[in-house]
Amino acid sequence: MLGRAELLVLALGLAATAQKATLTLDPPWSTVFRGHSVTLICSTSHSPGQSFTWYHNNKSFRYTIKNSLRIEKTRMSDAGRYQCKTPGSGRSDPVLLTISEKWLILQAPYYAVFEGDPLHLRCYGWNEAGIKGIKFYRNGAHITPSNVNSELSIKQARTSDSGKYHCIGSMKTTFTFTCEMSPAVSISVQELFSSPVLRAAGSGDPIEGSPVTLRCVTELNPQKSDTLLQRVFYKDSRDLEGARSSLDYHIPVAGLQDSGYYHCAVQTVTSSVRKWSPKLKITVKRIAVSQVSMEVQPLGGQVMEGERLVLNCSVTLGTGPITFSWHRKGSSQALRTETQVSQSLVYEIPAATETDTGEYYCMASNGNAPAPSPGVKVAVKVPVSLPHLTVSATGAWAAIGDVVEIRCESPRGSAPIVYRFHHEGAALGNRTVSSRGPGSLALNVTSERDSGTYFCEADNGMASGPQHSAPFHLSVLVPVSGATIATDRMGPEVMAGESLNLNCSVESGTAPLFKWLHNAEELAAVSGLGLPTAVGNTLHFGSVQLGHGGNYQCIASNQLSPQRVFQAPSEILAIAVKEHASPWVAVAVSFLFLMGVVAALVFYFKCWKKAEGMFFSAPERDTQLPAQHEPPGKGLPPLGSLGLHAEDPLYGNVCPLEPESGEVVYTVVNIKKTSGDKPKETLPRDNEEYYVSYTVLADPKPTWESAAEVRSPEGGFLPANDIYENVPHL
């Protein structure tokens, strides 16, 4: 019998014999250029001094004392699979060496890459030629990260990093730069260990009070059999005891609280690789609850706002701790959940609010599927609050023809709610709403009578009674229409230097504004002329000038908003401005005036005789004028100087038609026999074809009002100057 020491030595020898040698390359790339050198290194756990056997494509080709073998200036025939061994170890795993004659190669590790290992790739040019614009590809897809040079590094490789890799770059060959692509290199990132699976000992769901054992199972890659793994167990995503080397998790006595979803995770000690198992549902069984019911107080579920609401959930069957939960239909969250060793439990709302209205039910479970109770309806009655009245009119204004929506809404109150609308105390109508929301009424604005104060009231039939809104005042705007333009003159002509007022009026319209146009353009200052003043609907000219003549138009407008503007243009009014007579004209008028005085005196005596002694006198004038004397017969200018013909009769003073008409100022009248049409605005004589034209003795600023006073029989005051129309010759 061998002793214990001999057995230990034998075991160590067998272990050493079974251990493989390890072969590595320097540089550590599986692909090199033809002509480059490569060193093979063989490593064992034995002491140095032993011989090493080298294999190429499964054939031994060299023996060395050193553990390294250098291949100088590689040739294409040097490509293949290499292995090494020592007398005390097994043959190493093969290493594949590739020799390339391309301009550009992608160098990858010669050794197997596992999950969590770093992965380095190098894009390398012939004779270490400089390469520009290097890009890496995996399975034809571009994967070059930013700030990368000739090497691509992946810190922790994953199986998803497997694939065919190649690189491209621009390198200088003979005389120019050309774009080269390396041959593809297949890289396989091997799985370190398989995805774990969590299993429960036994079959079926565990019974309450029995032990439960969970085991996390995985398979480690044989090439990495010396890798240490850890396991972490979870229940409902909660870590149970942290990382452990054991495969199992034990529950000594299972209870309802142990029901749930379990899973485990397997990881390396450095956590470089971590994998999770699928979830496993564990349900600890017990006698299920049944016949769940719920009662509500007050009975019938009708409760006033602020009162106490009680929901009592109970079960007829079921053992052990029971979990009760209360729910409202339409909500995914439970109102309350509580576990208790009891067959009934109460949920209380101390002061019910309107939001507590709805249908309620409860659920009970002792580890099995929860059993629901029938639903119970609860209605919380809320008195209606003060309503709020809104009108769709902009800025509390509406125009005739608009349709205005009047809305009434109470922020709180149980439906149905009746909304009643009022205008200036008169009822307009009512609306009933069966759910939360406003009542509305459409108002057709037809006249200004629709303006005034509006309010509404809300009523849901509760003891608090109807509630009234605050009043709302609506103003109605009448769009402008029928604009007319007028002047304070009796005619369209005005003398330069006189004052003039133009008035603009409308048939209808609320607060109209007026704009003035002169010759189809908006009124502006004329070069060298004074700008008239616009006040309200009047355009005032203090001193009319010749440039003020032309066509005038006013535009009346009002608006409901900047987007709704109403306008009414007037017709066009033409204003003619006449210039004062020149000094020569004034001299001629004065001369005619003197001649008229002489003729008037002559006519006076003739008229006096015809009137058979009728006598009248004129009152004194307000202004101091030279006394009227009958001029002597001598010294009168010849008729030709007055523009008269010798055969034309000469008239003196003209007798007024009525003595009460006042003082008369006379002039020389030239009576001509007409052969054509009669002068305008003259009266025909019965027995003669002669007509009398009279001269207007103008005041420096005569007015139509002064002329009207002269012609008016009621006028008691006569101005210093008078205007006479054509009067039939006596």
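Every residue in the range 235-264 that is surrounded by 18 or more Cβ atoms within 10 Å (Cβ to Cβ) and of a type outside the set (A, V, I, L, M), please.
Listed by number, the residues that qualify are LYS235, TYR249, SER259, TYR262, HIS263, CYS264.
For residues that are within 30 Å of VAL380 (Cα to Cα) and modelled with pLDDT under 90, tally how many sit in the range 417-471.
10
HIS142 passes all but one of (1) crowded, with 18+ Cβ neighbours inside 10 Å; (2) over 30 Å from GLN230 (Cα atoms); (3) at pLDDT 90 or above; which number fails?
With (1) crowded, with 18+ Cβ neighbours inside 10 Å; (2) over 30 Å from GLN230 (Cα atoms); (3) at pLDDT 90 or above applied to HIS142, the lone miss is (1).
Conditions (1) aliphatic (A, V, I, L, M); (2) in contact with a Ser or Thr (Cβ under 7 Å, 6 or more places away or on another chain), marked per residue:
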residue	(1), (2)
THR53	no, yes
HIS56	no, no
LYS59	no, no
ARG62	no, no
LYS66	no, no
ALA79	yes, yes
CYS84	no, yes
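Considering only strands (runs of 3 or more DSSP E) fully contained in the range 433-488, which possess at least 1 residues that are surrounded by fewer than 13 Cβ atoms within 10 Å (Cβ to Cβ)?
Of the strands (runs of 3 or more DSSP E) lying wholly inside the range 433-488, those with at least 1 residues that are surrounded by fewer than 13 Cβ atoms within 10 Å (Cβ to Cβ) span 439-444, 452-459, 472-477.
Taking the range 222-258 on its own, how many of its residues are under 16 Å from ILE282 (Cβ atoms), of a type outside the set (Val, Ile, Thr) and either assigned to a strand (DSSP E or B) or touching a residue at least 60 places away in the same chain (Cβ under 8 Å) (or both)?
8
When the range 531-554 is examined, which residues are found to be under 46 Å from the mean Cα position of the chain (by Cα), surrounded by 14 or more Cβ atoms within 10 Å (Cβ to Cβ) and not in a strand (DSSP E or B)?
ASN537
Give the residue, chosen from THR323, THR337, that is surrounded by 17 or more Cβ atoms within 10 Å (Cβ to Cβ) and modelled with pLDDT of 90 or more.
Of the residues listed, the single one that is surrounded by 17 or more Cβ atoms within 10 Å (Cβ to Cβ) and modelled with pLDDT of 90 or more is THR323.
Output the number of residues of the range 1-55 satisfying the condition of being modelled with pLDDT under 85, over 13 Å from PRO87 (Cα atoms) and assigned to a loop (DSSP other than H, G, I, E, B).
3
Among the residues of the range 311-321, are any touching a residue at least 40 places away in the same chain (Cβ under 8 Å), part of a strand (DSSP E or B) and of a type outside the set (Gly, Ala, Ser)?
yes
I'd like the full set of residues that are among the aliphatic types (A, V, I, L, M) and either in contact (Cβ under 8 Å) with a residue 12 or more places away in the chain or assigned to a helix (DSSP H, G or I) (or both), limited to the range 121-154.
Those that are among the aliphatic types (A, V, I, L, M) and either in contact (Cβ under 8 Å) with a residue 12 or more places away in the chain or assigned to a helix (DSSP H, G or I) (or both): LEU121, ALA129, ILE131, ILE134, VAL148, LEU152, ILE154.
Being more than 30 Å from TYR347 (Cβ to Cβ) and modelled with pLDDT under 90 narrows it down to one of SER272, SER290, SER277, so name that one.
SER272
Search the range 77-133 for residues being crowded, with 19+ Cβ neighbours inside 10 Å and acidic (Asp, Glu), and hand back the single one that is farthest from ARG62 (Cα to Cα).
Result: GLU115.
Would you check if there is a residue in the range 293-308 being of a type in the set (Lys, Arg), surrounded by fewer than 17 Cβ atoms within 10 Å (Cβ to Cβ), outside the structural domain of PRO374 (by TED's automatic domain parsing) and modelled with pLDDT of 90 or more?
No; the residues of the range 293-308 include none that is of a type in the set (Lys, Arg), surrounded by fewer than 17 Cβ atoms within 10 Å (Cβ to Cβ), outside the structural domain of PRO374 (by TED's automatic domain parsing) and modelled with pLDDT of 90 or more.
Condition first: of a type in the set (A, V, I, L, M) and within 26 Å of GLU405 (Cβ to Cβ). Now tell me which residues in the range 455-484 satisfy that.
Residues satisfying the conditions are ALA458, ALA470, LEU474, VAL476, LEU477, VAL478, VAL480.
Select, from ILE417, ILE400, the only residue that is of a type outside the set (Ser, Thr, Tyr) and more than 23 Å from ASN558 (Cβ to Cβ).
After ruling out the rest, the residue left standing is ILE417.
In the range 529-583, which residues are in contact with a helix residue (DSSP H, G or I) (Cβ under 7 Å, 6 or more places away or on another chain) and not aliphatic (A, V, I, L, M)?
PHE541, GLU579
Looking for whichever is closer than 23 Å to ASP258 by Cα and in the same structural domain as PRO206 (by TED's automatic domain parsing) here; the options are SER342, SER277, SER272. Which one fits?
Result of the check over SER342, SER277, SER272: SER277.
Name the residue that is nearest to the chain's Cα centre (by Cα), counting only residues in the range 64-85 that are in contact (Cβ under 8 Å) with a residue 24 or more places away in the chain and more than 14 Å from LEU40 (Cβ to Cβ).
MET76
Filtering the range 400-430 down to residues that are surrounded by fewer than 17 Cβ atoms within 10 Å (Cβ to Cβ) and in a strand (DSSP E or B), which residue is nearest to the chain's Cα centre (by Cα)?
Filtering the range 400-430 for residues that are surrounded by fewer than 17 Cβ atoms within 10 Å (Cβ to Cβ) and in a strand (DSSP E or B), the one nearest to the chain's Cα centre (by Cα) comes out as GLU405.
Within the range 178-195, does at least one residue satisfy the condition of being part of a loop (DSSP other than H, G, I, E, B), modelled with pLDDT under 90 and β-branched (Val, Ile, Thr)?
no
The values are calculated or read from the model by the stated rules, or taken from the named source; none is laboratory data. The structure displayed is predicted, hence computed values, not measured ones. Cβ atoms come from the backbone with ideal geometry, glycine included; neighbour counts cover every protein chain shown.
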